[in-house]
């Protein structure tokens, strides 16, 4: 078989997990050292359509046809090729049967230099009833199903390779064979093998449904297709279609198969699994992104958003209360006898109605002095305390006889059960430079934007914040 006789199928190529650069360099080195591919490539020999002319004519003449046994087929193939090579009867074996045809492999030995090692191998589709070879079928119609990397390296470097051929009933059967062959590769992670294993389970289930449906139809059974589907799902485990059976057979964790099933429920998840299969991301990362998309979709749903806008509700609230503090009057700045913004007493703030949705993230900024008051306000607002974020500042105010107050707190509380869409690189302590008086760091808002979705508002802010509505007398400033 020449390189022109072998076809590369784009869909099948996608089922072959790529080698990393180091593995590919090692494979190429081994092929060069061996003088060609050591192991043969595998190709799918496409079967002819319909029956052979002789068999069709026999049926038209009213003759009854019976399939030949493997031994009879091999004997006829040997007799038809007895004049080829030095052996009077070459060796034959049946590679596979597809409907009206059998793929026969015939091998022999000759002394010609045209054949490597003096061996020859011929594949023929032979009529399963008469044993005649199908000479009208395109003998070059072979699709590569295993050995893509070796094929590329050998053709690029002009090195030899052998090809063995296999028979499949259809493309789905060929794809299943490829994946069953791929899942055992030692260089794959458990995540990659789990994605492949799930695909194998799905292909086996589909094949079982089709087979059961055809059998029921041929037997004129009144069982529905749905009944046949149910019967395959109630697998006894021996045929490897249930998740537990596949996990045991292919040596993958069943919990990972469940995770794959969860991720592939959405179109986005199916695309992410392609990346997992290639080793570009982990299965955990794919699950995280799917969960994130679900939360975002729920919060950004148009109808839900419109309802929240009409009611003035927000999914995320950041509030920097105007705590009732007083500046210390100093002789050097006698004009600064009060803060540049109005303050509020605890009772006034407790009476506020926060525009919080049923499931809402809330951050409340406070200092050491007002931390107890802040916790009391959470109760007044009907919020549940969760944790405390700490902004570590480069320096800070140090009261007489006390430590330096070089941090500030953002108390995180909740209404309902809001979900974060991302929890990577999400510590409660963070460093950030100081800005203007009372100005909160942009790093904090970067994190909030990344880990939450939906409508956001910053209450009592004194500047515009990207991704947030702002409310307060000085927000426009």
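The values are calculated or read from the model by the stated rules, or taken from the named source; none is laboratory data. What you see is a predicted model, and the numbers here were worked out from it, not measured in a lab. Neighbour counts are summed over all protein chains in view; Cβ atoms, including those assigned to glycine, are modelled from backbone coordinates with ideal geometry.
General observations
- Restricting 235, 218 to those that are in contact with a helix residue (DSSP H, G or I) (Cβ under 9 Å, 6 or more places away or on another chain) and at pLDDT below 90 reduces the list to 235.
- Residue check, residue 50 part of a loop (DSSP other than H, G, I, E, B) and under 17 Å from residue 158 (Cα atoms): no
- Within the range 163-196, the residues that satisfy the criterion of being out of contact with any strand residue (DSSP E or B) (no Cβ under 7 Å at 6 or more places or on another chain) and outside any helix (DSSP H, G or I) are 170, 183, 184, 185, 186, 187, 188, 189.
- Residue in the range 443-461 that is closer than 20 Å to residue 349 by Cβ, modelled with pLDDT under 90, assigned to a loop (DSSP other than H, G, I, E, B) and not assigned by TED's automatic domain parsing to the domain that holds residue 286 present: yes
- Entirely in the range 339-442, the strands (runs of 3 or more DSSP E) that have 3 or more residues that are surrounded by 14 or more Cβ atoms within 10 Å (Cβ to Cβ), modelled with pLDDT of 90 or more and touching a strand residue (DSSP E or B) at 6+ places or on another chain (Cβ under 6 Å): 356-366, 384-397, 405-415
- Filter result (under 21 Å from residue 193 (Cβ atoms) and outside any helix (DSSP H, G or I)) within the range 263-277: 264, 265
- Single unsatisfied condition, residue 74 versus (1) in contact with a strand residue (DSSP E or B) (Cβ under 6 Å, 6 or more places away or on another chain); (2) outside any loop (DSSP other than H, G, I, E, B); (3) at pLDDT below 85: (3)
- Verdict on residue 64 being surrounded by fewer than 17 Cβ atoms within 10 Å (Cβ to Cβ), more than 34 Å from the chain's Cα centre (by Cα), closer than 20 Å to residue 96 by Cα and free of Cβ contacts under 8 Å to residues at least 12 places away in the same chain: no
- Residue ID - surrounded by the most Cβ atoms within 10 Å (Cβ to Cβ), chosen from residues in the range 15-50 that are within 29 Å of the chain's Cα centre (by Cα) and over 14 Å from residue 149 (Cβ atoms): 44
- Of everything listed in (1) closer than 19 Å to residue 155 by Cβ; (2) not in a loop (DSSP other than H, G, I, E, B), the single unmet condition for residue 55 is (1).
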